[in-house]
1. Considering only protein heavy atoms and a 1.4 Å probe, what is the carbon-and-sulfur percentage of the accessible area of the chain?
2. Using only Cα atoms and rounding to the nearest 10 degrees, what angle (0 to 90) does helix 92-124 make with the longest principal axis of the chain?
3. When only C-alpha pairs under 8 Å and at least 6 residues apart count, what is the relative contact order of the stretch 257-389, in percent?
4. Residues of the stretch 384-412 with the amide nitrogen closer than 15 Å to a label point 7 Å from the Cα of A151, along Cα-to-Cβ, please.
5. Toward the positive end of the charge dipole of the stretch 83-236, about the Cα centre and with charges on Cβ (Lys, Arg +1; Asp, Glu -1), which of F204, N220, L187 goes farthest?
6. To the nearest 10 Å², what's W50's accessible area with a 1.4 Å probe?
7. Once every DSSP H run of n ≥ 4 in the chain is given -39500 (n - 2.57) and the sum is divided by its residues, what mean residue ellipticity at 222 nm do you get, rounded to the nearest 500 deg cm²/dmol?
8. What nm value, rounded to one decimal, do you get for the distance between L75 and A192 when each label is placed 7 Å out toward the C-beta?
Amino acid sequence: MGMTAGGEGRGMALHTKMLIGFFVGAVAGGIAHALGIAVGADGARDVAPWLAATLTWVTQPVGSIFLNLLFMLVLPLVFSALVLGVVEIGDPKALGRIGGKTLGFIFVVTGIAVAIGMVAVNVFQPGVGIDAAVAQSLIAQSQSQAEGIVARGEAASAMQVLLSIVPRNPLEAAVNGNLIGVMFFALLFGIAAATVHTDGVRTFVGTLQGVYDITLKLINKVIQLAPYAVAALLFNLIAVQGFTALLPLAKFVAVAVGALAFHMFVVFPTLLWFVGRMGPVTFFKRAQPAILTAFSTSSSSATLPTTLRVAEESLGTPRRVGRFVCTLGATANMNGTALFEGVVVLFLAQFFGVELSLGQQVLVLLMCILGGIGAAGVPGGSLPVIASILVMFGIPPEGIALILGVDRFIDMCRTTVNVTGDLVGTVIVSRGEPPDAVEGHGPDPAAAARA
Ligand code: ASP
C-alpha cells in the first residue's frame, strides 16, 4: 500500500511531499546562511536580526514541536509493539527462531558495517597530515562540550551499561530515557503473557492492541506535519552551520559518509536481493518516509513511530516481525553508528599517532559492535560510547572535540543507515515466516483477544 499525505489514498504521496520539504529546507537554509550570517575577522559570527527572528519564532518551534510529538509516542509504542509482537509470535519455538535471526542479523550486519568503516580509514588515512593549527582551533572551539561527553563516557562503564538493561524500576527507566531497560521489561512481559491463557491476559492483550492502534492513529496524524517539519529542521541546521564547518575535516567527512553510503547502497541492496528476496528499488521507495525522518531528526527513537508505520503498512512483511525487529532495532541495531564509532577511533588513533596492532583493531571492531547496541537513539547518542572506547585503547578521549563541529551532519547520515538497517532486518527476518493470521482466526492471540 502506498502511503499518501492523508494516509487514505488521496492527494500527493507523503514521501513526495517530504522530499519537497527536504529540498525547500535545504535550499532556503543555504540562502539564509549566505545572506544572514557574517563571520568577523576574529571568527565571531554575526546573525542578521531577520534570520534570528525566523529561527526563534518559526523554524525552531516547528522542528521542536514535531520532535516532541514523535518522542511523546515512543513509550506507548515501544511497550505495546514489543509485548504484542512477542504475544503474536506466541509459540516459544517461533520466538526463539525470530529472536535468533534478529540477533544474528544485528551481529553479522553490524560487524560488516564496522569492518567497512575501518578498512576505509586504513586505506584513506584521513587522520594523517591534518594541519596542527587548524586542529588546535577546532579542539579549542569544542573543548568544553567534549569534556562533558568524556565525563558521561567515563560514568557509563561497560558493566553499568549491561546492568541498566535489567531495570530495577521500569518507570524510572522510562522517565530516564533508558529504552533498552523498557524493552527488556516489555520482552519479559510479552513472553509471560504469551504463556498464560486466562481471560485477564486476553483482556490485557486486547487493551494493549487498543493502545497500539490509537498510537498508530496518532502517528498517522503527526506524520502529516513531517514535510513542514523536515523543511524547518533542515533550514535550522543549514542556515546556522552552513557547509563551511565541514571543510577543515573534509577528508574525514568524506571517508565516514562514503563508508556509510557503501553500506546503505551496496550492502543493504545485496542483502535485500539475495537474502530478503525484495527488490532494493521497491524497498527504498517504501521506506522513504522513515529514511527522510531519520535524516532530518538524527534520532532513531524519534523515527521509531514512522519506522513502525512503514513496517506495518508498506513493507508487506508479517506485522509481528516488524513490531519485534523495528522496536528492538531502534536502540540495539545501529549499523551506521557502529560504523562511525570504528571510523572515529581509528581516525583519532592516526591523528595522535597511536599504533593499533591488527589484534587491537579486531578488538576495536568487537567493541564497536557492542557500542552500536549500547548507544542511545538520540542525536549524538554515540559520542559518550566513543569516548569510553577511546579510553580503552589509550587514545586521548578529549580528541573527540576535533570532530564535534562536523558531527551533526554525519549523525544525520548514520541515523539514516541505522533506521534503514531496522527495515532491512525486518525484511530478512520475515523470510520463511508465515504471513499474519487473519483477524479472529488461527493462532493470532492478539487478534483472538480482540475478537
Ligand atoms: N543519532 C543516532 C541515532 O539516533 C545515534 C548516534 O550515532 O549518535 O540513531
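1. Working: 13170 of 19130 Å².
Exposed carbon and sulfur together represent 69 percent of the surface.
2. 10
3. Relative contact order comes out at 23 percent.
4. 384, 398
5. F204
6. For W50, the solvent-accessible surface is approximately 120 Å².
7. Working: 20 runs with 330 residues, N = 451.
Dividing the helical sum by the residues of the chain leaves -24500 deg cm²/dmol.
8. 2.0
The values are calculated or read from the model by the stated rules, or taken from the named source; none is laboratory data. These numbers were taken from a predicted model, which means no experiment stands behind them. FYI the Cβ positions are ideal-geometry reconstructions off the backbone, even for glycines, and counts take in every protein chain you see. Keep in mind that these areas ignore ligands, DNA and RNA; they rest on the heavy atoms of the full protein, side chains included. Shrake-Rupley method; radii C 1.70, N 1.55, O 1.52, S 1.80 Å.
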